[in-house]
1. Condition first: over 30 Å from B:Val68 (Cβ atoms) and within 12 Å of another protein chain (Cβ to nearest Cβ). Can you find one or more residues in the stretch A:34-55 that meet it?
2. Of the residues that make up the stretch A:43-53, is at least one charged (D, E, K, R), in contact with a strand residue (DSSP E or B) (Cβ under 7 Å, 6 or more places away or on another chain) and within 15 Å of ligand 2 (Cβ to nearest atom)?
3. Could you figure out which of (1) open to solvent by 50 Å² or more (accessible area, probe 1.4 Å); (2) touching a residue at least 24 places away in the same chain (Cβ under 8 Å) isn't true of B:Asn296?
4. Restricting to the stretch B:158-182, count the residues that are open to solvent by 30 Å² or more (accessible area, probe 1.4 Å) and more than 10 Å from chain A (Cβ to nearest Cβ).
5. Which condition does A:Tyr37 not pass, out of (1) aromatic (Phe, Trp, Tyr); (2) within 30 Å of A:Asn130 (Cα to Cα); (3) open to solvent by less than 70 Å² (accessible area, probe 1.4 Å), if it passes all the others?
6. Considering A:Val104, A:Val144, A:Val156, which residue is away from ligand 1 (no atom under 11 Å from the Cβ), open to solvent by less than 30 Å² (accessible area, probe 1.4 Å) and in contact (Cβ under 8 Å) with a residue 12 or more places away in the chain?
7. Against the conditions (1) within 14 Å of chain A (Cβ to nearest Cβ); (2) in a helix (DSSP H, G or I); (3) among the basic types (Lys, Arg), where does B:Arg114 fall short? Just the number, please.
8. Exactly one of these conditions fails for A:Cys116: (1) within 14 Å of ligand 2 (Cβ to nearest atom); (2) open to solvent by 40 Å² or more (accessible area, probe 1.4 Å). Give me its number.
Amino acid sequence: MSYFSDIYNGIKTLLTGMSVTGKYFLTSRKGAITQQYPDNRDTLKMFERFRGEVVMPHDENNEHQCTGCQKCELACPNGSIEIIWDRGIDEATGKKKKFIDKHVYHLGLCTMCGLCIEACPTDAIVWAQNYENSTYDRTQLTKVLNRPGSKVKAGVED
Amino acid sequence: METTAVKSNFKSEEYFINMGPQHPATHGVLRLLLTIDGEIIKKVEPDLGYIHRSIEKMCERDSYQQIVHLTDRMDYLSSHINNEAVCLTVENALQLEIPDRVQVIRTILSELTRIASHCLWWGVMGMDVGALTTYFYGFRDREMINDIFEETCGARLTMNYNIPGGLMFDIHPNFVKRTKEFITHFKTKLPEYDTLLTGNIIFQKRTKGVGILSKEDAISFGASGPVGRASGYSCDVRKHHPYSAYDRVTFNEALKTEGDTFARYQVRIQEMWESMAIIEQLIDNIPEGEHKVATNAVIKLPKGEFYQKVETARGELGVYIISTGTKNPYRVKFRSPGFSNLSLLNHIAVGGKIGDLVASMATLDLVIPDIDR
Ligand code: SF4
Ligand code: SF4
């Protein structure tokens, strides 16, 4: 007897479960939750805080805010940032001053922890919301953040 | 006459098989050495270390701010709670007064993490016992939580949102709205979980009475979290040693006494309801104030030993720091819930079938990076 009641219960609970899936099957047009990536690249927007990669914004005069203080380099847990700096003469005061030569960023090492951006006293580096970082060659993941010929904005001190 | 002779000569023999390191039911790179006799399991030996990254050793090299982001990579499904554990240890050592706002936000995020982790577990649990549909339902609801995290913390999994002294930045203006939306949404969806899977007779036959762990054994193996609580061992750190804002909310500790796979399943479903209750109590009155207190750029802990435990989605996570007064810890030890919970797998699986082992393992909810570290 329990053999038949088992079969009956099995089918009954199966149908109970299928009532849920059936409901979604019939209303799937309205409530689709999947995205048509990569067809929706143009409209896909990441959240403004999304950590894609570290970038250094430059203004229209090709000036950034990095003073070469190396605080980001120190804060980074895994050596993703290397600051190559030089000493020069500050035009305004005529004194010797540290200048950034290259801000080297290894995206391939970066764990997206955000400590460098927290540590930067002049907000020279920020997060970009770029999410397609794969390349064919990992050397392409080593980037120089300050653009060629750029210089630090006047008046930016750490 | 002849047939009986054949029967008495018939001998079964024990043999080994490997389960993993990439078997889908091991949820990662865990290798189990099974000694089986036919289909009956005689012994289960976990073989660890495939993704050991020496996080504890790396901590000795890093500053206290840098340690936090390494713990994201232990139990990646409870990463916020892991971060919180390290931050609490450092804050206690420095005797910092943490603003109420930070404590409440941390608690809400921890509970969201717990729900997200249990959603994923529920989906995968169904899949392990042969119900593929649950996977999509679990992930659908988890995705909403991931969106909340992404908007506020900037990442979906490895958030690193906690820093010693508070939070890295304040919550996003949409945070409260989104969290409320999620709670309303999930309240209608969680009953679906029961309709889909809990009541299913096939699922119940696979799980009831399988992998029984008694309360005594749970305690002696150091089980914690839902695994311990399903055996009647009241071990919720949030209840017994409240941290952050857990002392100002009321919730029930999900307890069961059966100790079988189905009880562990029910405890986790119950915990999702409790987590929602905790969030609802806090979300409407997040106190105003600072999102962090200032610490020195170089944090030096006083000389001594510091310990703090928290309740992750898997159980009790302990952080033990020995400091000699310098900017790096002398030694960091993590007491991870997954390691203790894995140690009892042999105990509950012996005598059962391989299929039962898969079901028991699913409710231990193992995250291998948490075990290997
Ligand atoms: S985000 Fe973290 S890992 Fe990446 S460069 Fe900044 S500090 Fe280094
Ligand atoms: S990016 Fe910021 S922290 Fe790094 S060297 Fe430049 S100014 Fe200093």
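1. yes
2. yes
3. (2)
4. 7
5. (3)
6. Working: A:Val104 fails: away from ligand 1 (no atom under 11 Å from the Cβ); A:Val144 fails: open to solvent by less than 30 Å² (accessible area, probe 1.4 Å).
Being away from ligand 1 (no atom under 11 Å from the Cβ), open to solvent by less than 30 Å² (accessible area, probe 1.4 Å) and in contact (Cβ under 8 Å) with a residue 12 or more places away in the chain holds for just one of A:Val104, A:Val144, A:Val156, which is A:Val156.
7. It is condition (1) that B:Arg114 fails.
8. (2)
The values are calculated or read from the model by the stated rules, or taken from the named source; none is laboratory data. On a predicted model such as this, the values are computed, not experimentally measured, just so you know. For neighbour counting, all protein chains shown are included, and Cβ atoms are generated from backbone atoms with ideal geometry for every residue, glycine included. Surface accessibility is based on the protein's heavy atoms, side chains included, excluding ligands, DNA and RNA. Shrake-Rupley method; radii C 1.70, N 1.55, O 1.52, S 1.80 Å.
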